[in-house]
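Step one of this worksheet: look at the structure below.
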Amino acid sequence: MDNKKTLILEQITKQQRQAIEAAVFQRLVAHLQKRNDVQNIDLMNLSGFCRNCLSKWFCEAATKRGIHLDYEDVRNEVYSVPYDKWKAKYQK
């Protein structure tokens with residue numbers, strides 16, 4: 001029998017929550033990197049955000065913490081390859 005207690009969000013620490021949120025973000029980015037068949041325009045139409053939005057949000061979050069990141073570097077990280085290469089290979 002599993003004796004692990006299920007917690008509600010209010011019971012976890014701020015650090016635990018941030019670690020979970022970071023893991024979720026990393027999983028989302030990894031998922032989008034594998035799903036090259038999903039076009040940014042489709043993401044925008046269905047969800048209101050795309051890979052470029054994630055890149056911009058990442059830069060904005062860093063800026064709020066006093067860290068300046070190059071947008072193109074972040075975007076290349078989100079796409080897992082330079083954006084121009086991704087665009088040439090996958091964008092329809």
Note on the chain: contact order normalised by length, alpha-carbon pairs under 8 Å, 6 or more apart, percent, works out to 24
The pairs in K14/K34; K14/K64; K64/K85 lying past 21 Å Cα-Cα in this model are K14/K34; K64/K85
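Would you calculate the convex hull of the Cα atoms in the chain and tell me its volume per residue in Å³? The partial results should precede the final answer.
Numbers: hull volume 13.2 nm³, N = 92.
Each residue corresponds to 144 Å³ of Cα convex hull volume.
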For region 1-72, listing trypsin sites (Lys or Arg not before Pro) in a DSSP loop whose Cβ sees at most 13 other Cβ atoms within 10 Å gives K4, K5, R35, R65
³J(HN,Hα) computed for each position of region 57-66 - Karplus, 6.51 cos²θ - 1.76 cosθ + 1.60, integer Hz, glycine/proline x: 5, 4, 4, 4, 5, 5, 4, 4, 9, x
So if R0 is 30 Å, what FRET efficiency would A23 and N3 give, r being the distance between their Cβ atoms, rounded to the nearest 0.05? 0.80
For the chain, what is the charge dipole size about the Cα centre, in debye to the nearest 20, if Lys and Arg each add +1 at the Cβ and Asp and Glu each add -1 at the Cβ? 140
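No lab work stands behind these numbers, since they all come straight from the coordinates. Quick caveat, the model's predicted, so the values are computed rather than measured. Every residue, glycine among them, receives a Cβ derived from its backbone with ideal geometry; neighbour counts consider all protein chains shown.
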